[in-house]
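Encoded as structure tokens, the structure appears first; notes follow it.
The values are calculated or read from the model by the stated rules, or taken from the named source; none is laboratory data. Remember, it's a predicted structure, so these values are computed and weren't measured experimentally. When we count neighbours, we look across all protein chains shown, and the Cβ atoms used for this are built from the backbone with ideal geometry, even at glycine. Just the protein is used for accessible areas: all its heavy atoms, side chains included, with ligands, DNA and RNA removed. Shrake-Rupley method; radii C 1.70, N 1.55, O 1.52, S 1.80 Å.
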Amino acid sequence: KKMKFPSQVLVLAVVISALVHSGIAFFVFAGLQAIRGELAPAAILWLLVGAGGQLLITCGVALAVAALQVYLRDVVQATGLVLSALFYLTPIVYTEHFATARDVVPGLAAWLTLSPLSTLVRLYRSFLISSDPPSWLGVTVLYATGVALLAAGVAIFRRLAPGFADEL
């Protein structure tokens, strides 16, 4: 007899595996920051808030991309392009102060204030390099976006899942 295996478990296993690898790298970096004296242990709450928001966003996007990839083979390449663009629109390799003080891109200040990814970076930076935490509005936008992406990802996956066997 055939056993029914929930295919979303495969997607979530990949997400959890990536989370474990990122967690190991994170703790190595946090250890180095502690040795340098730049770690802010009092901001551990911000770290947990950021990890929760990141997990919501990652699971939602992963479920949607995995389901769409079965039918549209170029989804992974398009996802890579979108993630690259988001990387440069998020203050990871530059500071928000640099981007807004020099008026590098008009309107970037508004984007950085409400962008869920910018909030996520601020949450991690508040723990790792003792920077200022984000506003509660930013955290609310992060979690609202995360819940919306997770709901959309689950809906897309459930809608497309019945045809997976035929396509694969």
Carbon + sulfur, % of accessible area of segment 1-153 - ligands and nucleic acids excluded, 1.4 Å | 75 percent
Angle between the Cα long axis of helix 116-128 and the longest principal axis of the chain, 0 to 90 degrees, nearest 10?
-> 50 degrees
Fluctuation leader among Gly146, Gly37, Gly60 - the chain, Gaussian network, Cα springs under 10 angstrom | Gly37
Mean Cβ-within-10 Å packing, highest first, puts peptides 68-75, 50-57 in the order 50-57, 68-75
Share of pairwise Cα separations in segment 10-168, more than 20 Å, in percent | 58 percent
Measure nothing fancy, just the Cα-based angle from helix 75-88's long axis to the longest principal axis of the chain, in degrees from 0 to 90, nearest 10.
-> 10 degrees
Out of Tyr94, Tyr124, Tyr143, any idea which swings most in a Gaussian network model of the chain, alpha carbons joined below 10 Å?
-> Tyr94
Quick one: if you stick a label point 7 Å off each Cα along the C-beta vector at Gln33 and Val154, how many nm between them?
-> 3.1 nm
Nearest-ten-degree value, helix 44-71 long axis tilted from longest Cα axis of the chain = 30 degrees
Taking only the alpha-carbon positions of segment 1-74 as identical scatterers, the Debye log10 I(q)/I(0) at q = 0.12, 0.25 Å⁻¹ comes out as -0.50, -1.17
